[in-house]
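The next block holds one structure in the form of structure tokens; read it before the comments.
The values are calculated or read from the model by the stated rules, or taken from the named source; none is laboratory data. Everything numeric here is computed off the predicted structure, so don't read it as measured data. Because the Cβ atoms are built from the backbone with ideal geometry, glycine has one as well, and the counts that use them run over all protein chains shown. Accessible surface is based on the protein model in full, side chains and every heavy atom, while ligands, DNA and RNA are left aside. Shrake-Rupley method; radii C 1.70, N 1.55, O 1.52, S 1.80 Å.
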Amino acid sequence: MKKGKGLSERSLGYLLILPAMLLILVIAIYPVGRSFYLSLYDVRLNDPTKLEPHASYGINVERYANVMPFLVSSLDHEIEKAEGKHKERLKNIKQDVLKARSTLESDEELADTYQQVNQILNEGKKVPQNMKSVHLDEEKVHNATQLITGVKKNLESMEKAEQLDESRQVVGLAKGLLSAFIEPNFVGLQYYANYFQDHRMWASLSNTMIFTVISVSLELVLGMAIALLINRQFFGRGLVRASVLIPWALPTAVAALMWKFLFDGQNGVMAKLFTEVGLIPDMGTLLTTKFWSMFAVIFADVWKTTPFMALLILAGLQTIPKNLYEAAEVDGASKVQQFFKITLPMLRTTVLVALLFRLLDAFRVFDLIYVLTGGGPANATETISVYAYKTMFSQMNFGEGSALAVIVFICIAIISMIFVKLLGRDLISDGSGK
């Protein structure tokens, strides 16, 4: 038979998955790309001059329009109130401000934009995004910055000597004018180079790997045992299955806070129990020492997530035909032999899926550790996600924090590729045997 005209099966398949691929690009790939872009710049939320990525010199016209006229009028007020040498000094300061203004507004684009922005602000309207900043020549920005920096230092010295009438206002305006200048904050791959030599980053990555490997291994073993147990026929099996899922159903932050109380060194029930059985030397050990704090977060995570592993494995057990076990019993196979010859091979795909999900989830762990230990003591339980959060939101360094976020993504991508390549080929195979 001749093939009909039109799309081939392969092309049709790609066409069908195209919407899903576009959705993945928007939801998953774009945030990663944006994070990588931010990691190339020194973006800091606690520095007005570095709130956004800037690849060239310029000026924030809106801030400039809000500050410059008021700085000049404030200096006029100070000159009027001052006497003698103080008045002359203030006049010189004002001359520097006017010189900086003249230098900047000699740029026609800035002068035109400034007039428009000034009018918009006078009308009480919002300044359009495309008018908020203007690119300027490096020399102009450098000269104006030097002049205003000198103005700020002179005003601060006069403030310290109590020679100004409204010192806080005029010094604050000088600082505000300095924050209007934009300098390039492109750093390229500098953050990545720094992190490769950062002991704290490698320590947090090590903590993440230790937490991931131990917790997922324990969850797999315990989840398998629980799944085998609740897969049997016994009275009240439905109630037992429902109760097993309670830890997993709890929000992670709530569970972490609960375990924080249970591990408390003064009133914690679990801390008291572990002390009584001789597991720990005293109640205060769990959350104050390096080894036992990691034990505490792993213990809490295993308690919280083992039901998830058990649920997935139970679903896999339900798909195994009963007649395989009946035939094995007829052949005289023991329960142990049935487990290793029938159950485990038939559960291979299910276990691989469960392991993949849990590995990726455990590697990104944040809320459990952040609430339970905060990464302490002395960063002993700080994972790379917690480190990234502290860098971005505690230090307000979005550029450096974005670099850490990209590193987390790269690690997860490597784990996924290795896992699927070495252990999960059957998950993506088409069953053709090729």
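Within the range 255-314, work out how many residues are under 20 Å from Ala378 (Cα atoms), touching a residue at least 40 places away in the same chain (Cβ under 8 Å) and hydroxyl-bearing (Ser, Thr, Tyr).
Within the range 255-314, residues that are under 20 Å from Ala378 (Cα atoms), touching a residue at least 40 places away in the same chain (Cβ under 8 Å) and hydroxyl-bearing (Ser, Thr, Tyr) number 3.
Quick one: Ala55 ticks every box in (1) farther than 15 Å from Ile148 by Cβ; (2) part of a helix (DSSP H, G or I); (3) open to solvent by 50 Å² or more (accessible area, probe 1.4 Å); (4) of a type in the set (A, V, I, L, M) except a single one, so which number is it?
Only one criterion is unmet by Ala55, namely (2).
Only one of Ile414, Ile369 is of a type in the set (Val, Ile, Thr) and either surrounded by fewer than 22 Cβ atoms within 10 Å (Cβ to Cβ) or on the phi > 0 side of the Ramachandran plot (or both); which?
Ile414
Going through the range 229-240 one residue at a time, which ones are free of Cβ contacts under 8 Å to residues at least 12 places away in the same chain and either assigned to a helix (DSSP H, G or I) or open to solvent by 80 Å² or more (accessible area, probe 1.4 Å) (or both)?
Result: Leu229, Arg232, Gln233, Phe235, Arg237, Gly238, Leu239, Val240.
Let me spell it out: the conditions are (1) of a type outside the set (Lys, Arg); (2) more than 18 Å from Val371 (Cα to Cα); (3) surrounded by 16 or more Cβ atoms within 10 Å (Cβ to Cβ), and Glu276 meets all of them except one. Which number is the exception?
For Glu276, the exception is condition (3).
Could you check, for the range 122-130, whether at least one of its residues is of a type outside the set (Gly, Ala, Ser), at pLDDT below 90 and either touching a Leu at 6+ places or on another chain (Cβ under 6 Å) or open to solvent by less than 30 Å² (accessible area, probe 1.4 Å) (or both)?
For the range 122-130, residues of a type outside the set (Gly, Ala, Ser), at pLDDT below 90 and either touching a Leu at 6+ places or on another chain (Cβ under 6 Å) or open to solvent by less than 30 Å² (accessible area, probe 1.4 Å) (or both): present.
Among the residues of the range 342-366, write down those that are more than 22 Å from Phe409 (Cα to Cα), in contact with a helix residue (DSSP H, G or I) (Cβ under 7 Å, 6 or more places away or on another chain) and open to solvent by 40 Å² or more (accessible area, probe 1.4 Å).
Listed by number, the list holds a single entry, Thr349.
So, of the residues in the range 396-430 that are assigned to a helix (DSSP H, G or I) and acidic (Asp, Glu), which turns out to be modelled with the lowest pLDDT?
Selected residue: Asp426.
Scan the range 313-367 residue by residue and report those that are under 27 Å from Ser385 (Cβ atoms) and not aliphatic (A, V, I, L, M).
Phe357, Arg358, Asp361, Phe363, Arg364, Phe366, Asp367
Return the total of residues in the range 351-368 being more than 17 Å from Ile418 (Cβ to Cβ) and within 14 Å of the chain's Cα centre (by Cα).
Total meeting the criteria: 3.
If I go through the range 21-52 residue by residue, how many of them are open to solvent by less than 80 Å² (accessible area, probe 1.4 Å), in contact (Cβ under 8 Å) with a residue 40 or more places away in the chain, in a helix (DSSP H, G or I) and over 18 Å from Leu173 (Cα atoms)?
The number of residues fulfilling the criteria is 5.
Scanning for something assigned to a helix (DSSP H, G or I), exposed (fewer than 13 other Cβ atoms within 10 Å of the Cβ) and not polar (S, T, N, Q), does the range 176-194 turn up at least one residue?
Yes, some residue in the range 176-194 is assigned to a helix (DSSP H, G or I), exposed (fewer than 13 other Cβ atoms within 10 Å of the Cβ) and not polar (S, T, N, Q).
Check the range 374-392 and report whether any residue there is over 10 Å from the mean Cα position of the chain (by Cα), modelled with pLDDT under 95, open to solvent by less than 40 Å² (accessible area, probe 1.4 Å) and within 23 Å of Tyr37 (Cβ to Cβ).
Checked the range 374-392: no residue is over 10 Å from the mean Cα position of the chain (by Cα), modelled with pLDDT under 95, open to solvent by less than 40 Å² (accessible area, probe 1.4 Å) and within 23 Å of Tyr37 (Cβ to Cβ).
For the range 330-339, state whether one or more residues are assigned to a loop (DSSP other than H, G, I, E, B) and at pLDDT 90 or above.
no
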